[in-house]
Amino acid sequence: MLISRRAPTIPLADAGAFERETRRTTCFRVALAVLIGALGVAAFLLARDLGRSQTATSAERSSGVLVLDLSGSVGPSRYGQIQRTLGTLTAHKERLGVVIFSDSAYEVVPPGTPPVELGLIARFFKPHAVPSTPTPFPERLIENPRFYDNPWSSSYHGGTQVSTGLDLAQRILDRDGIKHGRVILVSDLNESALDQDKLTQTLLRYGQLGIKLEIVDLSGSRGGLNYYSRLTGRPTSLTVAPSTRISSSRPSPYWLVTIAVTLTLLLAGNEYFCRRLSWRHRLEAAA
């Protein structure tokens, strides 16, 4: 059996004198409750939309594969352009998978990898200071002392078979369920004559599947780009962070800060205007 207990009260003969304050406090608390409820709903909706926008942006930026040519024809003279390309993609927060190839191909990291990983790969193509006695360094570094030896140079330094890299990139997009993906090819396009037929079939398949192929031509020749564009049916120039990936309607997190500050001010107003009624201090002051 539950027995309700009321807090002890003191009978007050002139309680009616506080009717105005009671009415004001009640109205203020009702208004405060409505405002807090509205702000809470607004904060929930903004936080949900913000999370969706971040997820959508991440998904868009992770829908691609970088295919990097490490064949013997890509020498140190091309490393600067490779390093600048990787640096640009890193600065634009591209979340790409990476495939390296020469006469065979290998997946280094999958699509959606944080951009910092591209920066780690780029350091192998950045010149560095060389000590006067480079004996502690690997033989390939001594042979070309301006660049660090990368982990793939011994296995991927043969001929150029672009089709192997593009074919692996397509299979990765299929594996990860990425439709109409983006493949960035960084190569001198000095493909082997033995690879022509397979490369042609691969490029035609890219066009049929709607895979967007973008090319950084390390040789600077336009003839190769025209060949790739003709077979895929679309331009192949590199575009970094296209405008379709940036949503101007994305809610700003500053709105959440504004809501938090407003709630704080409302609660402070509640403490000030709805505090306990006190008349003792007034009587003492009057005395």
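The values are calculated or read from the model by the stated rules, or taken from the named source; none is laboratory data. Keep in mind it's a predicted model, so treat the numbers as computed, not measured. Every residue, glycine among them, receives a Cβ derived from its backbone with ideal geometry; neighbour counts consider all protein chains shown.
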State the number of residues belonging to segment 168-205 that are under 19 Å from Val74 (Cα atoms) and of a type in the set (Val, Ile, Thr).
2
Residue ID - modelled with the highest pLDDT, chosen from residues in segment 75-107 that are surrounded by fewer than 16 Cβ atoms within 10 Å (Cβ to Cβ) and under 18 Å from Thr160 (Cβ atoms):
Ser104
Sort out which residues of segment 43-74 are among the aliphatic types (A, V, I, L, M) and modelled with pLDDT under 85, and write them in order of number.
Ala43, Leu45, Leu46, Ala47, Leu50, Ala56, Ala59, Val74
Contact list, first residue from segment 253-272 and under 21 Å from Arg29 (Cα atoms), second anywhere and modelled with pLDDT of 75 or more and charged (D, E, K, R), beta-carbon distance below 8 Å, six or more apart or interchain, is Asn270/Arg29
If we ask which residues in segment 116-173 are part of a helix (DSSP H, G or I) and at pLDDT 65 or above, their number turns out to be 22
In segment 194-244, how many are touching a Leu at 6+ places or on another chain (Cβ under 8 Å), closer than 19 Å to Glu94 by Cβ, modelled with pLDDT under 85 and part of a loop (DSSP other than H, G, I, E, B)?
2
Could you list, in sequence order, the residues of segment 181-234 that are over 26 Å from the mean Cα position of the chain (by Cα) and β-branched (Val, Ile, Thr)?
Thr200, Thr202, Thr232
Index of the failed condition, Thr9 passing every other in (1) in a helix (DSSP H, G or I); (2) at pLDDT below 70:
(1)
Can you pull out every residue in segment 253-281 that is at pLDDT below 70 and among the charged types (D, E, K, R)?
Arg275, Arg276, Arg280
